[in-house]
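Scroll down for the structure; my scribbles are underneath it.
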Amino acid sequence: MATLRPPRSVSSRDSSDGSERLDGAGSWDALEWTKIEPVTRSVSHVNSEFLLEAERVIEEGHGVVLVNRDEAGTLFVTNFRLLFLVVKNQSAARQIDRSPSRRLLQIIGKDMRIIVFGFRPRTKQRRVIFDALLRCAKPARIWDLYAFTCGPSKFSKPNSKVRLLNEYFRLLGKGSHCASVSMVEEGSFTLSNDLWRISNTNSNYTVCSSYPFALIVPKSISDEEVIQASTFRARCRIPVVSWCHPGTGAVLGRSAQPLVGLMMNMRSNADEKLVASLCTQLVDGKGSRRKLYIADARPRKHALANGAMGGGSESSSNYLYSEIVFFGIDNIHAMRESFARLRDYLDTHGAASSDGMSSFLRHGGSTWGGGNLSSMSASVSTLGDSGWLIHVQSVLAGSAWIAARIALESASVLVHCSDGWDRTSQLVSLANLMLDPYYRTFAGFQALVEKDWLAFGHPFSDRIGMPSVSGTSFDLTRQSSTGNLSSSPVRQSSGSFTPQTSNTSHAQNNYSPIFLQWVDCVSQLLRVYPFAFEFSSTFLVDFLDCVLSCRFGNFLCNSEKEREKCGIYEACGCLWAYFADLRSLEGSSHAHYNLFYDPLKHNGPIFPPAAALAPTLWPQFHLRWACPSESQAGELEAESRSMAIKFSELQKAKEAAEMKAKEYSVAMETLKAELRNEKRLSSSAVNLAQRASKESAAIKRAILSLGCRVNYTSNGDCTVDVESNPTGSQEKSIQSPPRKESDGTMERDDNSDLSVSVTVVSDDVSSSPLGQVCETLCPLRTRDGSCQWPSAGCAQLGCQFVGLKANFDAFDHLSIYDSYFES
């Protein structure tokens, strides 16, 4: 069973013949389709198993056929997406659904998908699904979106204003300061350096409703002059600093077009002073002034045409040290139509088409040349006709030019288009990405998107197709349907495209893939510089899917003011916290990490040359539905990631083995030390035994010198015989086993001349034979083992003490020979 992937947005549109479509302003709107296959359990049980938190089923259709893959199953419409569950046993249903009269519903997605569902005839299922999709894809109020139903849950994030201030502090070289909520509430964030300062003049969004609450402006410009200059720029979007070079002082600024009028003769002293303040003095010791480039993202003719509506472009004669440059990037309507042509081209010539037919078989293979090389070339050329890659290249080239002027010439650049929130955001943020390696990390990429896209008011609700806080209404119609589904609403057998008709004019249709195009540009840079980015292409795809699905609140509404009014950050989850949680589960082995990232290899700006700016289709995003096999350009990265994971596991196993070997080595050293200690103790014991043997021999000689003879028995007992005549003429045992009388009493010989006791005093006398000798010979020892003469002197011999205790009454009868006391 397939794993439920992160939500991806799918909009709705109707096909021409034989089907209903959700037709919405250039077909650039709304929901998600996720296929889950296969299931054998009951639908009611599976229904809740794959639902996200707070996701609920609105309607469901049974026996529906997914024409793209010719698979039958059950289609669910939830308050967040479409779920299509494929059943295993579908042969009977598919035989019925293959009938020519089946009713078709085509859904076109923002993520390049075109999906066609077939419904059984003479049922109301298609109408029920259509109405449910219409309600969910086009909610009347912003609070009806799934992001508000789901709530913040655990994916919450600190205040976005705090994060913006922290990024401003970093840009001004005040990274040691840390912003707080109280700082935002009190307005005490107006820090500055030698050239620039943070202004709180727009803290209540009174100067410009689409600008952030805090702005970086030249230090020499007062808040009053800022307010005066705002009246001369479209939508009051004055020139402000987006990025400043930490070494040279050059800045990258952004604004909206000046209101010079049709004759281009309107001027503003405050605006000219503000723009001139961006041209600070060069740090070259000469006091010369740096150059200022004013980059107008529009074609020159469009800038002149805007003069009829009060807009226009600057004149270098009014702005000193400046040069005006036009990049010629088309507007949002051209981008929308180009993206639609690219999507239809991929559906026509892809391996998997929305009509279920391979491009190799359509029209006898003519869409892929049919064996005719010229026809094949014509088919491929239609990719160029879409113009998408040309637009991507224009944005890349313009951004590279801006980055080069700032880094190589130390010049300042002011960028604007008409309103300063579409092409301006693309160019400024992409140039930031090239200039500052911090923005090529996860934390920096988040700071960049929140600063130059969210804080500076890119209208995400209008561009993605969601309701805004003002309650934007949608013009949707359902056309009648008869007959069968054509291969594509704009598909022609010759491979050319015809423009799609719409019920709404360009002025009413603000849908456009501007942000998607910018992420496409980032993927092109990642392809050229694979070592410069911490994040991978997989991260960019998942990031886009979450933005388009509106699962989180970060990209709802059109400005910071509107998000604050709706309470987005308190009521909705945070995309950044969701991604951070995903990465924390797997660490650096997560698919969002770029395996080849080397921060030291590209620790400065990157300047892609013109030859490297030739873009190509982004396989992981553009081809994943039309050419699923060919879209696996990330397979190499996946294999590398798998090898890296295995290498990491082997590295951990190696470290564990080394740790174990170290433990064994320490244990061996401990055992060796213990063995050496045992040897030392054994040697000491041998020495003590030898010493004890010598002491025993000395004691024996001492006893013999007293005329005693020691006799040992096998059971450890001993007897001592004392010779009364040392010359050996007469022997008499004075210490012998006593005679036992008939009455059982013990009788001692009273005729003994002398009673002598030899006592051995040591640590353990009772257990040694010498101790037993002393106990046997000592006449002063009582029966309980105590001594009657404790103050008697002893003769010390080594560590043993031999005391000679005599019965002085017997000394009168003792003849002592001098030889006893000879040395």
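Condition first: out of contact with any Phe, Trp or Tyr (no Cβ under 8 Å at 6 or more places or on another chain), open to solvent by less than 60 Å² (accessible area, probe 1.4 Å) and closer than 25 Å to Glu409 by Cα. Can you find one or more residues in segment 198-216 that meet it?
no
Count, please, the residues in segment 600-623 that happen to be in a helix (DSSP H, G or I), open to solvent by 30 Å² or more (accessible area, probe 1.4 Å) and more than 17 Å from Ala400 (Cα to Cα).
The total comes to 2.
Residues are listed down the side, and each one gets a yes or a no for (1) assigned by the TED database to the domain that holds Ser412; (2) of a type in the set (Phe, Trp, Tyr); (3) in contact with a strand residue (DSSP E or B) (Cβ under 6 Å, 6 or more places away or on another chain); (4) assigned to a loop (DSSP other than H, G, I, E, B):
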residue	(1), (2), (3), (4)
Pro246	yes, no, no, yes
Met264	yes, no, no, yes
Leu274	yes, no, no, no
Ile294	yes, no, yes, no
Arg298	yes, no, no, yes
Gly307	yes, no, no, no
Ser315	yes, no, no, yes
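Only one residue in Ser683, Ser642, Ser648 is in contact (Cβ under 8 Å) with a residue 24 or more places away in the chain, small (Gly, Ala, Ser) and part of a helix (DSSP H, G or I), so which one is that?
On the way: Ser683 fails: in contact (Cβ under 8 Å) with a residue 24 or more places away in the chain; Ser642 fails: in contact (Cβ under 8 Å) with a residue 24 or more places away in the chain.
Every option except Ser648 fails the conditions.
Determine whether segment 624-632 contains at least one residue that is at pLDDT 90 or above and surrounded by fewer than 20 Cβ atoms within 10 Å (Cβ to Cβ).
no
When you scan segment 305-326, do you find a residue that is open to solvent by 50 Å² or more (accessible area, probe 1.4 Å), modelled with pLDDT of 95 or more and touching a helix residue (DSSP H, G or I) at 6+ places or on another chain (Cβ under 8 Å), even just one?
Within segment 305-326, one or more residues are open to solvent by 50 Å² or more (accessible area, probe 1.4 Å), modelled with pLDDT of 95 or more and touching a helix residue (DSSP H, G or I) at 6+ places or on another chain (Cβ under 8 Å).
Give Glu637, Glu674, Glu663, Glu658 a once-over and let me know the one that is open to solvent by less than 50 Å² (accessible area, probe 1.4 Å) and part of a helix (DSSP H, G or I). Can you show your working first?
Numbers: Glu674 fails: open to solvent by less than 50 Å² (accessible area, probe 1.4 Å); Glu663 fails: open to solvent by less than 50 Å² (accessible area, probe 1.4 Å); Glu658 fails: open to solvent by less than 50 Å² (accessible area, probe 1.4 Å).
Among Glu637, Glu674, Glu663, Glu658, only Glu637 is open to solvent by less than 50 Å² (accessible area, probe 1.4 Å) and part of a helix (DSSP H, G or I).
For segment 58-83, which positions are free of Cβ contacts under 8 Å to residues at least 60 places away in the same chain and open to solvent by 30 Å² or more (accessible area, probe 1.4 Å)?
Selection gives Glu60, Glu71.
Any residue in segment 149-159 that is closer than 30 Å to Glu59 by Cβ and in a helix (DSSP H, G or I)?
yes
One residue is enough: does segment 140-160 have a residue meeting the conditions buried (at least 19 other Cβ atoms within 10 Å of the Cβ), touching a residue at least 24 places away in the same chain (Cβ under 8 Å) and either in the same structural domain as Ala276 (by the TED database) or closer than 30 Å to Ala276 by Cβ (or both)?
No: segment 140-160 contains no residue that is buried (at least 19 other Cβ atoms within 10 Å of the Cβ), touching a residue at least 24 places away in the same chain (Cβ under 8 Å) and either in the same structural domain as Ala276 (by the TED database) or closer than 30 Å to Ala276 by Cβ (or both).
Do the conditions hold for Gly356, that is, is it in contact with a Pro (Cβ under 7 Å, 6 or more places away or on another chain) and open to solvent by 10 Å² or more (accessible area, probe 1.4 Å)? Steps first, answer last, please.
On the way: in contact with a Pro (Cβ under 7 Å, 6 or more places away or on another chain): no; open to solvent by 10 Å² or more (accessible area, probe 1.4 Å): yes.
The answer is no for Gly356.
Quick one: Ser629 ticks every box in (1) farther than 30 Å from Phe531 by Cβ; (2) outside any helix (DSSP H, G or I) bar one, so which box is it?
Here Ser629 meets the rest and fails (1).
Quick one: how many residues across segment 665-703 are in contact with a strand residue (DSSP E or B) (Cβ under 7 Å, 6 or more places away or on another chain) and among the basic types (Lys, Arg)?
So the first thing to find is which residues in segment 665-703 are in contact with a strand residue (DSSP E or B) (Cβ under 7 Å, 6 or more places away or on another chain), and the list is 695, 698-700, 702-703.
Right, trim to among the basic types (Lys, Arg) and you get 700.
Here the count works out to 1.
Residue-by-condition table, conditions (1) open to solvent by less than 20 Å² (accessible area, probe 1.4 Å); (2) modelled with pLDDT under 95:
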| site | (1), (2) |
| --- | --- |
| Glu225 | no, no |
| Gln228 | no, no |
| Arg237 | yes, no |
| His245 | no, yes |
| Gln281 | no, yes |
| Lys301 | no, yes |
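Consider segment 563-587. How many of its residues are in a helix (DSSP H, G or I) and in contact with a Leu (Cβ under 9 Å, 6 or more places away or on another chain)? Can you show your working first?
We begin by selecting, within segment 563-587, every residue in a helix (DSSP H, G or I); these are 563-566, 568-571, 575-587.
If we keep only those that are in contact with a Leu (Cβ under 9 Å, 6 or more places away or on another chain) as well, we get 563, 566, 568.
Number satisfying all stated conditions: 3.
The values are calculated or read from the model by the stated rules, or taken from the named source; none is laboratory data. Quick caveat: nothing in here was measured; it's all calculated off a predicted structure. With ideal geometry, Cβ positions are generated from the backbone for all residues, glycine too; neighbour counts draw on all protein chains shown. Please note that ligands, DNA and RNA were not included when accessible areas were found on the heavy atoms of the full protein model with its side chains. Shrake-Rupley method; radii C 1.70, N 1.55, O 1.52, S 1.80 Å.
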